[in-house]
There are 2 protein chains.
Amino acid sequence: MIKREKRIQDLTNFIKVNNACSISELSTKFNVSEMTIRRDLAILESNGIVRYLHGGALYNPGLDSQQSNNEDVKDFSDSDYLFNQQIVKHRDDKIAIARKASTLLEPDESVMIDSGTTMSYLCREIENTFSFTAVCWSLNVLVELSRKPNCKLISYGGYFHSQTKMFENPYPSDFMKYTRASKVFISAGGVHPQLGVTCPLSYESETKRKAIESSKTSILLVDASKFGKVCPTHFANIEDFDIIVTNDHLEESMKQEIVARGVRLILV
Amino acid sequence: MIKREKRIQDLTNFIKVNNACSISELSTKFNVSEMTIRRDLAILESNGIVRYLHGGALYNPGLDSQQSNNEDVKDFSDSDYLFNQQIVKHRDDKIAIARKASTLLEPDESVMIDSGTTMSYLCREIENTFSFTAVCWSLNVLVELSRKPNCKLISYGGYFHSQTKMFENPYPSDFMKYTRASKVFISAGGVHPQLGVTCPLSYESETKRKAIESSKTSILLVDASKFGKVCPTHFANIEDFDIIVTNDHLEESMKQEIVARGVRLILV
DNA sequence: TGCAATATGTTAGAATTGTAACAACTTGGG
DNA sequence: CCCAAGTTGTTACAATTCTAACATATTGCA
């Protein structure tokens with residue numbers, strides 16, 4: 001049990017560093033049979049961490065180490081995180097949410113995109129040739145969008161946090177201040193009626209706040225498991241959002257609460 | 001001839017967008033035999049644009065579309081650029097230069113790293129576990145370095161130029177102003193005794209200038225073909241550099257000129 | 001146009017990789 | 001300590017991919 005955990009962790013890192021690796025290499029590298037490597041990779045693939053090609057595996061950039069923006073932090077540090085079906089469920093939910101949110105995008109508009117796995121999925125859902133302008137502050141979003149030929153891209157820089165793949169800009173005088181967008185897509189770690197919308201790390205909050213301020217329409221993308229949860233850092237209240245996109249696992253009272261505050265609720 | 005050109009171009013884009021692709025997919029996608037695809041990919045691999053895995057190819061991030069910083073612009077827009085052995089030669093030279101330059105790095109120091117293929121190679125030459133702080137402004141360097149666990153990273157943000165994968169920050173008040181490093185590694189498109197050190201695009205010059213100003217030791221990395229060339233935008237003079245690393249194809253007079261100006265010349 | 005060079009397709013056999021089933025080994029409670 | 005569940009290795013066979021050589025088609029240029 002513990003041995004496999006360790007190997008899978010190392011495997012992930014190794015593939016990440018090398019971008020890709022063949023089964024046979026991995027097999028000799030980790031001193032296990034190819035069959036075992038295949039089984040490990042099957043797990044990693046079902047969790048979206050690597051892509052599988054005949055003969056080897058390929059790192060799926062932007063979909064791991066997303067320890068921010070959500071309470072999956074716990075799940076991901078759990079020793080059995082990879083075997084937990086919950087994770088995959090959240091993943092499917094997130095993909096569905098992202099797909100729905102992507103339909104809100106209009107051609108040639110300017111949008112801001114937060115960091116986090118859900119946002120990576122959102123980027124993937126956008127047609128490769130779709131024409132729009134994006135403002136971002138995370139490497140995942142950056143990498144995803146930099147592939148799209150008709151996407152004009154602006155990224156905030158700053159200190160790079162490798163766990164979250166996010167930039168923290170310590171200079172508030174930065175051009176962040178002058179940037180505007182018609183929509184902003186935000187992720188969160190917790191949504192609570194009284195305690196507000198929260199995230200796990202203090203350095204993200206300022207960027208999120210500023211992004212919401214600078215956009216005409218604010219859209220929150222969270223899977224239903226985030227409702228009722230609270231993370232250490234508050235960055236907005238429910239009513240600060242114009243739209244919340246989530247999956248249909250919400251208690252009726254929460255739905256009513258959201259709608260009562262004038263927020264449009266989109267369920268998938 | 002022209003058909004192959006086109007296909008290879010499309011192939012590159014397709015693999016880039018998809019990050020990776022199997023031979024069979026590519027074969028059906030482009031309506032040619034798998035054998036042809038293999039031959040195409042062999043060319044792309046020998047130019048460092050993709051990596052080959054049993055059964056498919058994988059986009060090699062950071063090593064194409066580098067149409068800045070060097071006069072390879074011409075080569076790269078040439079219809080037969082991929083078949084031009086010169087390119088591969090430059091590539092080998094650049095890798096050798098990058099390798100040499102990487103030995104100048106000292107543990108735990110702060111360095112700035114410019115954009116361009118040579119810089120990508122430089123990043124690759126740095127040990128994965130090497131401990132240092134880097135400041136950068138190009139996606140290639142960012143992606144390369146973000147994989148290294150002991151690299152503290154700072155990136156400038158701004159408008160993203162997809163041809164050069166570089167950020168242009170239109171706000172000079174940015175925190176770029178307050179950033180310092182002990183060494184800076186710079187690339188260039190042309191080095192001329194009278195006309196100075198130049199690059200093809202005006203938006204890069206300001207960042208290069210600022211980087212040189214903000215660093216204790218400035219190091220220029222250029223392959224020998226750049227000497228005597230001139231690009232539109234001037235950003236420094238030869239004597240502004242403390243060290244020039246290049247390959248040993250320089251005319252004797254140029255070598256003497258460089259040394260006479262008090263610049264340390266390192267040849268590989 | 002016709003020839004030489006290049007590009008592409010085809011084939012068959014070699015090499016590699018994948019699958020499935022079962023055996024052997026570990027591990028963690030009871 | 002033993003058992004059940006989970007993990008790993010092995011085997012044989014299926015499927016896929018690779019290589020090389022040759023045949024055919026296309027292209028560039030004299």
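The values are calculated or read from the model by the stated rules, or taken from the named source; none is laboratory data. In this text the structure is predicted, and so the values were computed from the model without any measurement. With ideal geometry, Cβ positions are generated from the backbone for all residues, glycine too; neighbour counts draw on all protein chains shown. What goes into the accessible areas is simple: the full protein's heavy atoms, side chains included, and nothing from ligands, DNA or RNA. Shrake-Rupley method; radii C 1.70, N 1.55, O 1.52, S 1.80 Å.
Could you give me the residue pairs with C-beta distances under 9 Å whose first residue belongs to region A:29-41 and is within 11 Å of residue A:11 (Cα to Cα), whose second residue is open to solvent by 90 Å² or more (accessible area, probe 1.4 Å) and hydrophobic (A, V, I, L, M, F, W, C) wherever it lies, and which are 6+ apart or on separate chains? Hits for this filter: zero, empty list. Only residues that are part of a helix (DSSP H, G or I), open to solvent by 30 Å² or more (accessible area, probe 1.4 Å) and touching a residue at least 24 places away in the same chain (Cβ under 8 Å) were counted across region B:160-188, and they come to 1.
Taking the criterion of being small (Gly, Ala, Ser) and in contact with a Cys (Cβ under 9 Å, 6 or more places away or on another chain), the residues of region A:177-217 that qualify are A:187, A:188, A:189, A:190, A:205. Taking residue A:51, is it under 17 Å from residue B:58 (Cα atoms), out of contact with any Lys or Arg (no Cβ under 6 Å at 6 or more places or on another chain) and open to solvent by 10 Å² or more (accessible area, probe 1.4 Å)? Yes, satisfied. If you check B:89, B:148 for being more than 16 Å from DNA strand D (Cβ to nearest atom), at pLDDT below 95 and part of a loop (DSSP other than H, G, I, E, B), only one passes: B:148.
Residue-wise test of (1) in a strand (DSSP E or B); (2) of a type outside the set (D, E, K, R).
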| position | (1), (2) |
| --- | --- |
| A:220 | yes, yes |
| A:225 | no, yes |
| A:229 | no, no |
| A:235 | yes, yes |
| A:245 | yes, yes |
| A:250 | no, yes |
| A:256 | no, yes |
| A:265 | yes, yes |
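Scanning region B:38-48 for residues that are away from DNA strand D (no atom under 12 Å from the Cβ) and surrounded by fewer than 17 Cβ atoms within 10 Å (Cβ to Cβ) returns B:43, B:46. A count restricted to region A:189-212 and to residues that are in contact (Cβ under 8 Å) with a residue 12 or more places away in the chain, within 17 Å of residue A:238 (Cβ to Cβ) and either open to solvent by 20 Å² or more (accessible area, probe 1.4 Å) or polar (S, T, N, Q) (or both) stands at 7. Restricting attention to region A:222-239, does a residue exist that is within 14 Å of chain B (Cβ to nearest Cβ), of a type in the set (Asp, Glu) and either within 17 Å of the chain's Cα centre (by Cα) or open to solvent by less than 20 Å² (accessible area, probe 1.4 Å) (or both)? No, there is no match, as no residue in region A:222-239 is within 14 Å of chain B (Cβ to nearest Cβ), of a type in the set (Asp, Glu) and either within 17 Å of the chain's Cα centre (by Cα) or open to solvent by less than 20 Å² (accessible area, probe 1.4 Å) (or both).
Of all residues in region B:7-37, those satisfying the criterion of being near DNA strand C (Cβ under 9 Å from one of its atoms), open to solvent by 20 Å² or more (accessible area, probe 1.4 Å) and either part of a helix (DSSP H, G or I) or within 13 Å of another protein chain (Cβ to nearest Cβ) (or both) are B:7, B:30, B:34, B:35, B:36. Residues in region B:127-145 that are touching a strand residue (DSSP E or B) at 6+ places or on another chain (Cβ under 8 Å) and either part of a helix (DSSP H, G or I) or open to solvent by 10 Å² or more (accessible area, probe 1.4 Å) (or both): B:130, B:131, B:133, B:139, B:141, B:142, B:145.
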